[in-house]
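The block underneath contains the structure these notes are about, expressed in structure tokens.
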Amino acid sequence: MVVTFGYKQRNSLVETFDPRARWIFSILSLFTIVNFWDIRFLLYFLLISVVQYSFTRLTWKETKRAWRFIFFLMFIMIFVNTIVTSAGTISDVTANPHVLFAIEKPIRFTMTIERLWFALTQVVRVLSITMLFIVVPFTMDPRQYGITFKGMGLGDKLAFTMDLAFRFVPTLARDFGTTMDAQKARGYELDNLKGNIFKKIARMAPIMIPVTMNSLLSGEDMVNAMDLRGFSTSGKRTWLYTLKYRKRDIALIAYSVVVLIISIILPRVFHIGGFWVPPFLIP
Amino acid sequence: MTDAQPLVVRDLSFQYTRRDTPAIQSLNFTLNPGEILLLAGSSGCGKTTLIRCINGLIPHAYSGTLQGVIEIFGKSIQEMCLAEISNEIGTVLQDPDRQIVGSFVLNEVAFGLENLGLPREEIFQRVNDVMDYLNIGFLKDRETFQLSGGEKQKVALAGVLAMRPRILLLDEPLASLDPASAREALSIFRKLADDGISIILVEHRVEDVLAIHPEQVLYLEDGKQVYYGDAPGLLECVDYSQIKLPATIVMERSRGTPMEPFTSSLQGKDGEALVEFEDVHFRYKEDLPEVLTGVNCTIHKGDIIAILGHNGAGKTTLVKHALGLLKPTSGTVRLQGADTRKSSIAQNAHTIGYVFQSPTQMLFAQTVRSELAFGPENLGHPKEQVAQDTEWAIKTVHLEEEMDMPPLALSFGQQKRVSIAAILAMRSRILMMDEPTAGQDYWNYMAFMDSILQMPGFDSILFITHDVDLAVVYANRILLVDKGKIIADGKPHEVLAEEERLNQARILPTSLLKLNLEKLPLTGRFMRAEALAQFA
């Protein structure tokens with residue numbers, strides 16, 4: 001059975017907005033943020049994300065697992081990909097570097113002011129984006145997933161599929177936990193993975209195969225069950241709930257569109273918003 | 001509307017594309033308005049295939065060669081698309097978890113009606129009507145994944161009934177229900193039939209279904225129609241070792257050849273304490289209610305314990321504590337004197353073998369042989385011993401011929417037996433099984449329970465079950481669980497004689513229990529119906 005994220009009604013300000021307006025705001029904000037590498041602009045968007053987050057009434061306890069996962073990904077992305085190697089940086093960072101320090105042994109490594117500043121910029125950028133989206137599963141009523149996607153222009157079937165797909169994530173997490181327990185009961189210990197990467201992957205098979213197979217089999221059964229209740233009919237579907245935009249929703253969408261347009265024009269026409277390092281840091 | 005019969009099946013055969021033999025052969029039967037047809041037979045006899053032929057999943061979702069005629073209200077099913085069929089026929093699948101798609105009960109019940117494109121007002125009206133009919137209106141705003149097994153089954157049924165089908169196909173609807181929930185479900189089915197719906201009810205629990213007087217019975221063996229007629233006729237002709245019949249009938253029929261009472265290799269004599277629960281409380285999350293509300297009990301060497309209780313009583317949660325899969329919120333669980341908080345699950349697995357409820361959550365290997373070797377190898381058993389134990393384990397569950405097959409290619413019943421064998425091969429001192437008979441046919445589960453309980457090497461065996469007769473036949477101690485507490489703990493003839501306690505735990509006395517209680521002054525212990533024949 002598909003389960004839902006840990007949603008509960010909180011009577012927060014964020015929940016008073018139409019879910020379509022919230023999605024449009026989040027998606028357009030994402031496209032806006034990726035237009036900037038200037039930390040001054042990014043700090044503005046981080047502020048907007050923080051304001052939204054603070055209006056959700058979410059507690060640390062509820063979200064800490066999700067944040068831990070995000071921090072882990074950020075660490076990989078920023079520390080490894082930006083600081084240790086420069087593979088994840090942009091050309092502005094490597095074009096005219098100012099060396100902060102350099103070592104020859106045990107490996108040759110040079111740290112530049114630009115690379116360090118880029119890492120900080122990345123942190124702000126990624127945090128702005130993740131903070132926008134992390135609130136969605138906790139603050140959006142799962143009953144409205146389908147109608148929200150339908151209301152954003154998707155067809156009936158695709159909208160319901162999106163609804164199911166959204167609920168697939170927590171379902172997978174639950175199945176993973178159950179299989180993990182079942183294999184632990186057979187003396188299996190994930191912590192003791194030994195050998196090279198291939199051996200480690202092979203040792204994950206007792207977890208990954210049952211979880212994958214269970215998902216496939218449940219998926220097949222679910223498709224059959226849906227077809228037996230007329231899901232494959234070609235006629236028009238009725239959605240149980242209806243959504244209605246209010247003034248505040250229109251205002252939110254208008255704001256998102258305007259900011260996106262500005263974010264497209266600024267870097268391309270006025271060359272503003274590109275990678276920026278504070279001048280006082282440059283020797 | 002037409003006066004034609006709801007369902008006519010003539011000379012029906014079907015063979016799946018990748019199989020060498022037909023799944024069903026030359027089936028003939030009819031179904032009249034308001035009739036219940038009980039479809040019985042052991043695992044793999046073709047029951048599910050027949051259901052798929054009738055509801056249109058064959059050939060729409062499963063390919064193969066279909067021969068013969070199926071007519072729904074006079075119209076050949078071949079002339080109907082799946083949507084048309086689903087307007088006339090509602091199907092409730094065996095596992096409601098795999099049928100329910102809505103996140104909340106209201107959405108789930110309305111799902112089919114939304115697909116039909118009915119006006120919103122009519123959807124709400126029909127949803128309210130069907131929920132009132134099934135007395136589940138109070139569940140409307142609940143999340144579906146938080147429902148108990150019985151509630152899920154009713155919600156799945158409501159979702160189908162809301163579409164107002166004239167034929168209902170129920171595929172083992174009692175499989176995951178406690179006895180009281182099963183009885184409620186059965187009385188709903190009878191009421192539906194009396195209101196004019198034609199029902200095909202696939203069920204292993206034949207004895208339970210007979211209580212609602214099905215008008216017809218179709219009994220299949222290896223895809224062939226062995227019996228088609230009324231219920232009393234089935235009781236006369238069918239092999240009582242294959243399907244569970246009322247105890248009085250079995251006792252009567254085995255009078256000439258009574259069986260010796262079953263004796264286990266384990267004898268409960270207050271041996272050494274293996275697992276101790278001391279005022280154990282547990283809740284899954286801080287903001288959720290307690291699931292265990294103060295459990296005190298000790299599992300001793302020699303115990304064969306059956307844990308009985310309703311859906312959601314806390315049985316599985318209790319057993320998971322013994323292995324350390326869950327740690328108490330307060331209180332202590334000790335495994336052989338050691339606090340389970342201080343040891344890893346893998347360490348505890350040396351002592352406790354725990355068979356999970358669903359086999360699909362653990363099977364992964366390329367062959368049954370390597371699946372069985374996985375546990376003992378993790379525990380560091382020597383190679384020769386692993387080979388020996390896997391052979392013994394597979395024989396115990398009667399799957400020797402499947403040893404080199406991929407476990408995931410086996411039927412659900414066979415997978416369940418592989419999952420049991422995988423734990424048996426670990427040679428743990430304590431064996432714990434969660435619903436070991438779920439999805440199994442009667443002959444198979446009785447056979448492997450006999451083998452397991454007669455096998456030396458276990459210090460204690462514990463099983464969770466909804467099957468009261470399993471407890472009657474095999475247990476030497478019963479734990480009754482209700483609302484996270486043990487409300488009765490004692491010998492079977494003591495615990496199961498207290499009707500008030502049984503009602504509290506939603507347990508219903510079966511014909512075998514009643515017969516055993518009646519004969520107790522003569523027998524001195526509980527036994528199966530075939531053995532009671534010598535006291536008849």
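The values are calculated or read from the model by the stated rules, or taken from the named source; none is laboratory data. Since this is a predicted model, take the numbers as computed values, not measurements. Ideal geometry is used to build each Cβ from the backbone, glycine not excepted, and the neighbour counts take in all protein chains shown.
One table, with the values for the structure above:
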read-out	value
Residues that are in a loop (DSSP other than H, G, I, E, B) and touching a helix residue (DSSP H, G or I) at 6+ places or on another chain (Cβ under 7 Å), drawn from segment B:494-522	B:LEU496, B:ALA497, B:ARG506, B:ILE507, B:LEU508, B:PRO509, B:THR510
Test result for B:PHE29, of a type in the set (Phe, Trp, Tyr), out of contact with any Asp or Glu (no Cβ under 6 Å at 6 or more places or on another chain), farther than 18 Å from B:GLN216 by Cα and in the same structural domain as B:PRO232 (by TED's automatic domain parsing)	no
1 or more residues among the hydrophobic types (A, V, I, L, M, F, W, C), farther than 28 Å from B:PRO6 by Cβ and not assigned by TED's automatic domain parsing to the domain that holds B:LEU335: qualifying helices (runs of 4 or more DSSP H) within segment B:178-276	B:179-194, B:247-253
Leading residue by the ranking (nearest to the other protein chains (Cβ to nearest Cβ)) among those in segment B:108-124 that are touching a residue at least 24 places away in the same chain (Cβ under 8 Å) and not hydrophobic (A, V, I, L, M, F, W, C)	B:GLY112
Residue count, segment B:127-148 (criterion: assigned to a helix (DSSP H, G or I) and surrounded by 20 or more Cβ atoms within 10 Å (Cβ to Cβ))	5
Top-ranked residue in segment B:362-380 [being more than 12 Å from B:LEU408 (Cβ to Cβ) and facing another protein chain (nearest Cβ under 7 Å); ranked as surrounded by the most Cβ atoms within 10 Å (Cβ to Cβ)]	B:GLY375
Residues of segment B:138-156 that turn out to be within 12 Å of chain A (Cβ to nearest Cβ) and under 18 Å from the mean Cα position of the chain (by Cα), as a count	4
Cβ pairs under 7 Å, 6+ apart, first in segment B:297-310 and free of Cβ contacts under 8 Å to residues at least 40 places away in the same chain, second among the small types (Gly, Ala, Ser)	B:THR298/B:ALA273
Any hit, segment A:242-251, residues being part of a loop (DSSP other than H, G, I, E, B), within 11 Å of another protein chain (Cβ to nearest Cβ) and out of contact with any His (no Cβ under 9 Å at 6 or more places or on another chain)	yes
Segment A:226-239, residues that are within 7 Å of another protein chain (Cβ to nearest Cβ), free of Cβ contacts under 8 Å to residues at least 24 places away in the same chain and either in contact with a strand residue (DSSP E or B) (Cβ under 7 Å, 6 or more places away or on another chain) or not charged (D, E, K, R) (or both)	A:MET226, A:LEU228, A:GLY230, A:SER232, A:THR233, A:GLY235, A:THR238
Residue selected from segment B:67-94 under the condition in contact with a Ser or Thr (Cβ under 7 Å, 6 or more places away or on another chain) and in a loop (DSSP other than H, G, I, E, B), by the criterion surrounded by the fewest Cβ atoms within 10 Å (Cβ to Cβ)	B:GLY74
Any hit, segment A:92-110, residues being surrounded by 18 or more Cβ atoms within 10 Å (Cβ to Cβ), without any contact (Cβ under 8 Å) to a residue 60 or more places away in the chain and either within 11 Å of chain B (Cβ to nearest Cβ) or farther than 30 Å from B:ALA425 by Cβ (or both)	no
Subset of segment B:91-103 (residues that are closer than 15 Å to B:ILE199 by Cα and within 8 Å of chain A (Cβ to nearest Cβ))	B:THR91, B:LEU93
Tally of residues being assigned to a helix (DSSP H, G or I) and free of Cβ contacts under 8 Å to residues at least 60 places away in the same chain across segment B:339-385	23
Which numbered condition A:PHE149 fails, given (1) in contact with a strand residue (DSSP E or B) (Cβ under 9 Å, 6 or more places away or on another chain); (2) at pLDDT 90 or above; (3) of a type in the set (Phe, Trp, Tyr)	(1)
Lone qualifier among B:LEU513, B:LEU480 - being aliphatic (A, V, I, L, M) and in contact with a Gly (Cβ under 8 Å, 6 or more places away or on another chain)	B:LEU480
For B:ALA322: the one exception among (1) assigned to a helix (DSSP H, G or I); (2) away from chain A (no Cβ under 14 Å); (3) among the aliphatic types (A, V, I, L, M)	(2)
Hits in segment A:121-174 - residues which are assigned to a loop (DSSP other than H, G, I, E, B) and surrounded by fewer than 18 Cβ atoms within 10 Å (Cβ to Cβ)	A:ASP141, A:MET152, A:GLY153, A:LEU154, A:GLY155
Extreme residue, farthest from the other protein chains (Cβ to nearest Cβ), among residues of segment B:327-360 that are under 24 Å from B:ALA421 (Cα atoms) and aliphatic (A, V, I, L, M)	B:LEU335
Candidates A:VAL223, A:VAL135 - the one that is more than 7 Å from chain B (Cβ to nearest Cβ) and more than 30 Å from A:PHE45 (Cβ to Cβ)	A:VAL223
Near pairs, Cβ below 7 angstrom, 6+ apart or cross-chain, from segment B:70-87 (at pLDDT below 90) to any residue that is among the charged types (D, E, K, R)	B:LEU82/A:ASP227; B:SER86/A:ARG229
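Residues are listed down the side, and each one gets a yes or a no for (1) of a type outside the set (Lys, Arg); (2) in contact (Cβ under 8 Å) with a residue 40 or more places away in the chain; (3) in the same structural domain as B:SER43 (by TED's automatic domain parsing); (4) buried (at least 21 other Cβ atoms within 10 Å of the Cβ):
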| position | (1), (2), (3), (4) |
| --- | --- |
| B:GLN454 | yes, yes, no, no |
| B:THR465 | yes, yes, no, yes |
| B:VAL481 | yes, yes, no, yes |
| B:PRO509 | yes, yes, no, no |
| B:LEU520 | yes, no, no, no |
